[in-house]
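Heads up, the thing below is written out as structure tokens.
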């Protein structure tokens, strides 16, 4: 697993203690022990290690489940009272916790295999380092010894627990004696040791791991025990030298660590025994709260007790599979008992600290917003609900809403919509709308369309969705009828200001406007026209190679066609961006009825006169639009002229040699425009 990357997003102070440090499991331990969270304890008796320097260690605890030992050291000079943060929100820690143990002979560390970690508050700069020592007595050894004792009394589990406690407590006393310099060997055939230790494979393995050597019928402690005895002898003139030797010995430090582990392990075992059989020596003290006080994270604003009870009922059991609410709290780096204000603060802070490519609408932002929505729903919080509404207004979309929209439109859930083309979304939406006449269903489909537009961050699609919603709301209001429906329009100014505009008749151009509106409604043509200027969609480099009526188009003809496309683009952009705006507002406020009930002409876009001349007059005519009523073509000729200009503006299918141009010229019927606008009608008669 390597390094758990916690350096990026920060967490509120107490989350570091109760989640990140509690779930900091070394790789070696994870492979041996089922999933658990650390429960930090300290033995009731003073078992300070002779071989360990503890001057800088601010806090020390041992997990009663896996026997890992955690040390925390405050590195910031002159930290404030109780290491508290500068404000009432508390620390916001950014941490790195390694799950790979490093072997070290460092006297300051004093451990043989330790995982390292660091944390720093981004507000007050409080810095702390952590060391998570792997146990000398590994979980696999504990399991082997436990199985060996319990199997001897499978019919009487309590007796098996007594046997296990007797072995572990005896090992603790032997190691304790060795750490005080007792060099007396352990005889295998002595009654008490044999009865308590059994000297089976599981027990002997633990003794050997701690440096005891089996010589004949005796287990002898390591040589460093004799040196420790001499160092602890006040009468020894070379006491200081001997003490230095002991502190330099990794083996002696392992003995001290094993003594602490055996004490904690014995305390964990005796919890399963009757109360009158438990020994005070092995009753540990819970020290998680002291770690919180050491790091200055204990005091934070909690949710009211009534809401806290509801949260505890909805978040699931400890060590069970994470619920959606638990995952949401994890994503924001807060505990489930914090007040709503801290949830809001954490969400805002993580957004401000996001260093990803897209901190506003990227994948990290989506995860944060999903978490906020989940927590708000679980709590029923008005404060968080308002934040969710503000974020939605800003364009944030929850993954659940995206999936629901995809199910409604495409028939299957999908959370990533970037791969779906906007035109496809529009076409599928129109197909779904055509399948129903119910205004409520159409409104729901339009809302799903708006969700996908926000998710794709497509401005054009968003504008289209807003227009559709406005139109549907308008239709619903008109269907209401009556005085109430008419009066309601006075409060709908904002809705009318978002309506799209039409095309203004500039003189005998009614069917021209219809043709232009038709082309605007065909999405592939609209997209192609709006892309003019990309030097790919149209023949902006004036390359030869396309023919018209069996002859090769000249550069002048291509240039004329490109002018038409450019002017058509200007018209389409006006249709996309302009809205009714002030005209509607004025009509609503000054009239007593529906804005469209007035005979006054609404705001409209006027086609460019040169654009109209290019379509309404035959090629080569110089008559202006205002004088051309007698020379206009019919609508078929106008359509042909329009399509012809679009085709002439397309790039040739390939660059050909001059010698091949006469024999292999590209015809207009091969273009995507003709294929899009043409078809075949077959008439069948019954005979």
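The values are calculated or read from the model by the stated rules, or taken from the named source; none is laboratory data. Since the model is a prediction, treat every value here as computed from it, not as a measurement. Reconstructed Cβ throughout: ideal geometry from the backbone, glycine too, with neighbour counts over all protein chains shown.
Among the residues here, residue 444 does not qualify as in contact with a helix residue (DSSP H, G or I) (Cβ under 9 Å, 6 or more places away or on another chain) and modelled with pLDDT under 85.
From the list 252, 219, the lone residue that is closer than 18 Å to residue 184 by Cβ, in contact with a helix residue (DSSP H, G or I) (Cβ under 9 Å, 6 or more places away or on another chain) and outside any helix (DSSP H, G or I) is 219. Highlighted here are the helices (runs of 4 or more DSSP H) found entirely within region 344-461 that include at least 3 residues which are farther than 27 Å from residue 323 by Cβ and within 22 Å of the chain's Cα centre (by Cα): 439-456.
Residue-by-condition table, conditions (1) under 50 Å from the mean Cα position of the chain (by Cα); (2) buried (at least 19 other Cβ atoms within 10 Å of the Cβ); (3) under 28 Å from residue 27 (Cβ atoms); (4) in contact (Cβ under 8 Å) with a residue 12 or more places away in the chain:
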site	(1), (2), (3), (4)
157	yes, no, no, no
164	yes, yes, yes, yes
177	no, no, no, no
187	no, no, no, yes
191	no, no, no, no
209	yes, no, yes, yes
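Residue 396 meets the conditions (1) modelled with pLDDT of 90 or more; (2) buried (at least 20 other Cβ atoms within 10 Å of the Cβ) in every case but one. The failed one is (1).
Would you check if residue 224 is in the same structural domain as residue 184 (by TED's automatic domain parsing), over 23 Å from residue 67 (Cα atoms) and modelled with pLDDT of 90 or more?
On the way: in the same structural domain as residue 184 (by TED's automatic domain parsing): yes; over 23 Å from residue 67 (Cα atoms): yes; modelled with pLDDT of 90 or more: no.
So residue 224 fails the test.
Taken over region 400-421, the criterion of being buried (at least 19 other Cβ atoms within 10 Å of the Cβ), closer than 26 Å to residue 359 by Cα and in contact with a helix residue (DSSP H, G or I) (Cβ under 7 Å, 6 or more places away or on another chain) is satisfied by 401, 402, 405, 417.
Look through region 546-590, keep the residues that are part of a loop (DSSP other than H, G, I, E, B) and at pLDDT 85 or above, and return whichever of them is surrounded by the fewest Cβ atoms within 10 Å (Cβ to Cβ).
We begin by selecting, within region 546-590, every residue part of a loop (DSSP other than H, G, I, E, B); these are 549-550, 553-554, 578, 580-581.
Checking the rest, the ones that are also at pLDDT 85 or above come to 553-554.
Numbers: 553: 23, 554: 12.
Taking the candidates together, the pick is 554.
Yes/no per residue for (1) touching a strand residue (DSSP E or B) at 6+ places or on another chain (Cβ under 6 Å); (2) at pLDDT 90 or above; (3) within 30 Å of residue 252 (Cβ to Cβ):
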| position | (1), (2), (3) |
| --- | --- |
| 38 | yes, yes, yes |
| 45 | no, no, yes |
| 61 | yes, yes, yes |
| 67 | no, yes, yes |
| 97 | yes, yes, yes |
| 103 | yes, no, yes |
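Here residue 34 clears all of (1) surrounded by fewer than 14 Cβ atoms within 10 Å (Cβ to Cβ); (2) modelled with pLDDT under 85; (3) over 20 Å from residue 142 (Cβ atoms) except the condition numbered (3).
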